[in-house]
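Q: Mind having a look at this structure? Questions to follow.
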Amino acid sequence: MAIRKIITLGDDRLRKVSREVTDFGPRTQQIIDDMIDTLDDCGNGIGLSAVQVGILRRIFIIDMKDGTGCRVFVNPRIVATEGSAVGEEGCLSIPGRSGYVERPQKVTVEAFDRHGQAFTLTKTGLYGVCICHEYDHLEGVLFIDREVDG
Ligand code: NI
């Protein structure tokens, strides 16, 4: 368990496409544990992708910090979206900046949990936005690439 340094805008790794996770062994478990510790340590953050701690693997975590706990998404795929809405976003890798982004109102994601069990999740509102934002990180995309006028 360790808090890892979050890389920030200007670090080339944020622009890379992350690779699929192919094993759920101790190294992957360690990365996930460290990501959870790192997100816990960021008072205001609700999502973190592995690339943000410098690891180009297709993993992100979301913790709405509302007492419902932290969910781990491994090799996620967004399989359906519905509607669209513009909302304000920030990113732990772009401190001190926020912007307006158009996102689906509803998103369905298929992913594996940290033990390799497949699950499907449909979310609306901020949680859905967070899924899209974190998924973008796995593709090397940042919210500033999608900014629209508020
Ligand atoms: Ni971000």
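The values are calculated or read from the model by the stated rules, or taken from the named source; none is laboratory data. Given the structure is predicted, the values throughout are model-derived calculations rather than measurements. Quick reminder, even Gly has a Cβ in these numbers, built from the backbone with ideal geometry, and neighbours come from all protein chains shown.
Q: Search segment 83-94 for residues that are under 13 Å from Ser49 (Cβ atoms) and pair each with any residue that is in a strand (DSSP E or B) when their beta-carbon atoms are under 7 Å apart and the residues are at least 6 apart or on different chains.
A: Leu92/Leu48
Q: Identify all residues within segment 124-150 that are more than 13 Å from the chain's Cα centre (by Cα) and assigned to a helix (DSSP H, G or I); write none if there are none.
A: Within segment 124-150, Gly125, Ile144, Asp145 qualify.
Q: Let me ask something else about it. Applying the selection to segment 68-95, what residues are within 16 Å of the ligand (Cβ to nearest atom), within 19 Å of Val148 (Cα to Cα) and not in a loop (DSSP other than H, G, I, E, B)?
A: Within segment 68-95, Gly87, Glu88, Glu89, Gly90 qualify.
Q: Still on this structure, I have one more. Mind checking whether some residue in segment 32-40 is more than 13 Å from Leu92 (Cα to Cα), modelled with pLDDT of 95 or more and under 14 Å from the mean Cα position of the chain (by Cα)?
A: Looking for residues that are more than 13 Å from Leu92 (Cα to Cα), modelled with pLDDT of 95 or more and under 14 Å from the mean Cα position of the chain (by Cα), one finds at least one in segment 32-40, hence yes.
Q: Note down all Cβ pairs under 9 Å where the first residue falls in segment 132-150 and is at positive phi, the second is more than 11 Å from the ligand (Cβ to nearest atom) and among the small types (Gly, Ala, Ser), and they're at least six residues apart or on different chains.
A: Gly140/Ser18
Q: Confirm whether Ser98 is under 25 Å from Thr38 (Cα atoms), in contact (Cβ under 8 Å) with a residue 60 or more places away in the chain and polar (S, T, N, Q).
A: Spelling it out, it is not the case that Ser98 is under 25 Å from Thr38 (Cα atoms), in contact (Cβ under 8 Å) with a residue 60 or more places away in the chain and polar (S, T, N, Q).
Q: Determine whether segment 101-123 contains at least one residue that is within 13 Å of the ligand (Cβ to nearest atom) and either in a helix (DSSP H, G or I) or aliphatic (A, V, I, L, M) (or both).
A: yes
Q: Looking only at residues that are more than 19 Å from Ala80 (Cα to Cα) and among the acidic types (Asp, Glu) in segment 124-150, which one is farthest from the ligand (Cβ to nearest atom)?
A: Asp149
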